[in-house]
Amino acid sequence: MNDKSRNSIIKDLTTAYELFENDDASLRELSDHTIQDVMMYKSLDAVSIAVLIHALYKGRLCINGNKKKKVLSLLKQTATSLQNRRFGVYNSKLESLFKMVNNCVTVDDSLKNVIYLAKIQKGASLFEQGVTAARAASIMGISVWDLSPYIQKRQIKFKPVNKNKFVQKIKVLDKLLNNNETIFIDTGTIITLITSRLISVLEEIKKKRDINFVITPYVYDELVTKPASIKKYQLESLEVRGLIENGIISVKNVSKQRVNQAEKRADKIIEIDGRTIDLVQKAEISCMVSGQPVLMDERTLRLICEDSEELLQVMTIRKRKAVTLNKNALEAFQAYVNCPLIFRSVELVTWATINGMLTQYEFDDPKFALTSMLWACKSNGAAVSEQEIESLIDIASKHF
C-alpha cells in the first residue's frame with residue numbers, strides 16, 4: 001500500500017467513524033467518494049474500504065446498541081493501526097469489521113454494488129473525455145441506461161445560443177413531420193424519452209402523422225439485446241420491444257460496410273499528442289449513414305456535422321490537453337455520410353407541444369409543462385444547455 005492510498009484510507013475511516021457515530025446521512029456521500037477511490041488507486045485496499053463503507057451505509061439501521069459500539073471501536077482501531085503502519089493488526093481489525101457488518105448486510109452484495117458503481121463512475125469519466133456514452137458503457141461492461149443520469153452532470157456549456165437557428169430547426173422539423181418522412185432514432189434519444197416519461201410522444205406523432213420512425217440493428221442491440229441481460233433494465237428493454245411490436249418504430253438494416261467506413265473516418269477527426277482518438281460508435285453512425293434525418297441527443301457526432309469549432313473547444317475542455325482538429329478527415333467524413341439533418345429530443349418535444357401532442361401535462365399552464373418536460377430531458381441525458389431550453393420555451397410560447 002503506497003502512502004497516498006494509505007493516507008486516503010485513514011481519512012476515510014476517521015470520517016466514517018464520525019459520521020456513523022452521529023447517524024449522519026452524509027455517510028452516503030462518503031460511500032460515493034470511496035467508490036471514486038477505487039477508480040483512482042485501482043487497489044484491493046481501496047476496494048475493501050469502499051465495500052466496508054458501502055455496507056455500513058446500507059446496514060446502518062440494523063447496526064445499533066452494543067453492536068454499534070463495537071463497530072465504532074473497531075473503526076477507530078483500524079484507522080489507528082494503519083496510521084502506525086501496523087498492517088497485520090489493520091488487516092485483522094478490518095476482517096472483524098466485515099464480520100460484524102455482514103450480520104446486517106451481505107458483504108458480497110456490497111462488493112458487487114461497489115464494483116458496478118465504480119464502473120458507472122469510470123464510464124461517466126470516459127464520456128467526459130470524449131468517448132460516446134454507448135462506447136463508454138461497452139468498455140466498462142455496463143448499460144447505456146446506467147450512464148444517462150451521470151451524463152447530464154458532465155455536460156459542457158460553451159457557445160452562446162443562436163435563437164434564429166432554433167427557429168429554423170423547428171420549422172424544418174415541422175416540414176419533415178408534415179411530409180410523412182422516415183426518421184432514424186439513435187439510442188440516446190429513446191433513453192431520454194423513456195426515462196423522462198415522454199416516450200408517448202412517438203406514439204402521438206405516429207397517430208397524427210404517418211411518420212416512419214426507424215432504428216438500426218445496432219441501436220436495437222443497445223436498447224433491447226444488452227439490457228435484457230441486466231435485471232435492472234429488463235423492463236426498459238421490454239418497453240422498446242413494445243414500441244416495435246405496436247408498429248411505433250421499426251428496425252431497418254443498413255450497410256455494415258458503410259458503417260465501418262464511416263466509423264474509421266470519424267475516428268481520424270480529433271488528434272491528441274499526434275494520436276487519433278475514438279469519437280463515435282456504430283449505433284449512432286448507423287443512423288447517420290442512412291441518408292435520412294436523425295433524432296440524436298449525443299453531442300459529439302452532431303457537432304462533427306454542425307459545428308466543428310465548438311467540437312474542438314468541447315474536446316479541449318474534456319481532455320484538458322491541446323487538441324487538434326484534422327480538417328481533411330473532417331471533410332472526408334462529412335462527404336462520406338453526407339451529413340443528414342439532426343434533431344434532439346428537446347426539439348421534438350417542443351414541436352409536439354406546439355402541435356398539441358403532449359397535453360397530458362399542460363393543465364392550465366402549457367409553458368410550465370414544456371419547461372418541466374425539457375428539463376426532464378436534460379436531466380436524463382439530452383445534451384442541451386439551460387440557455388437552449390430557454391430559447392425553445394420562448395419559441396413555443398408564441399403558440400400558446
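The values are calculated or read from the model by the stated rules, or taken from the named source; none is laboratory data. Owing to the predicted nature of the structure, the values given are computational and were not obtained by experimental measurement. Positions of Cβ are generated from backbone atoms using ideal geometry, with glycine treated the same way; all protein chains shown enter the neighbour counts.
Scanning the stretch 203-227 for residues that are within 18 Å of the chain's Cα centre (by Cα) and outside any helix (DSSP H, G or I) yields one hit, K226.
Within the stretch 263-307, the set of residues being in contact with a Ser or Thr (Cβ under 6 Å, 6 or more places away or on another chain) and modelled with pLDDT under 80 comprises L279 only. Residues in the stretch 162-197 that are assigned to a helix (DSSP H, G or I) and among the basic types (K, R) were compared, and the one that is surrounded by the most Cβ atoms within 10 Å (Cβ to Cβ) is K169. Listed conditions (1) modelled with pLDDT of 95 or more; (2) assigned to a loop (DSSP other than H, G, I, E, B) are all met by L243, apart from (2). In the set V224, V201, V240, only one residue is touching a Leu at 6+ places or on another chain (Cβ under 7 Å), without any contact (Cβ under 8 Å) to a residue 60 or more places away in the chain and under 23 Å from A383 (Cα atoms); that residue is V240. Scanning the stretch 335-353 for residues that are assigned to a helix (DSSP H, G or I) and surrounded by 20 or more Cβ atoms within 10 Å (Cβ to Cβ) returns V337, S345, V346, E347, L348, V349, T350, W351, A352, T353. Scoring A332 on the criteria (1) crowded, with 23+ Cβ neighbours inside 10 Å; (2) over 26 Å from E388 (Cβ atoms) leaves a single failure, condition (1). In this structure, is V219 of a type in the set (A, V, I, L, M, F, W, C) and either within 15 Å of W351 (Cβ to Cβ) or touching a helix residue (DSSP H, G or I) at 6+ places or on another chain (Cβ under 7 Å) (or both)? Yes: the conditions hold for V219. When the helices (runs of 4 or more DSSP H) confined to the stretch 246-319 are screened for residues that are over 21 Å from I183 (Cα atoms) and in the same structural domain as T192 (by TED's automatic domain parsing), those reaching at least 3 such residues are found at 256-266, 308-319.
Among the conditions (1) outside any loop (DSSP other than H, G, I, E, B); (2) surrounded by fewer than 17 Cβ atoms within 10 Å (Cβ to Cβ); (3) not assigned by TED's automatic domain parsing to the domain that holds R258, the only one that I395 does not satisfy is (2). D210 meets all of the listed conditions (1) out of contact with any strand residue (DSSP E or B) (no Cβ under 9 Å at 6 or more places or on another chain); (2) of a type outside the set (A, V, I, L, M, F, W, C); (3) at pLDDT 90 or above but one, namely (3).
The conditions of being in contact (Cβ under 8 Å) with a residue 60 or more places away in the chain and in contact with a helix residue (DSSP H, G or I) (Cβ under 8 Å, 6 or more places away or on another chain) are met by K232. When the residues of the stretch 48-81 are filtered to those that are more than 14 Å from S92 (Cβ to Cβ) and among the β-branched types (V, I, T), which remaining residue is modelled with the lowest pLDDT? Result: V51. Of the residues T359, T353, the single one that is in contact with a Pro (Cβ under 9 Å, 6 or more places away or on another chain) and free of Cβ contacts under 8 Å to residues at least 40 places away in the same chain is T359. Please enumerate the residues belonging to the stretch 368-391 that are under 11 Å from V349 (Cα atoms) and assigned to a loop (DSSP other than H, G, I, E, B). Answer for the stretch 368-391, where residues must be under 11 Å from V349 (Cα atoms) and assigned to a loop (DSSP other than H, G, I, E, B): there is none.
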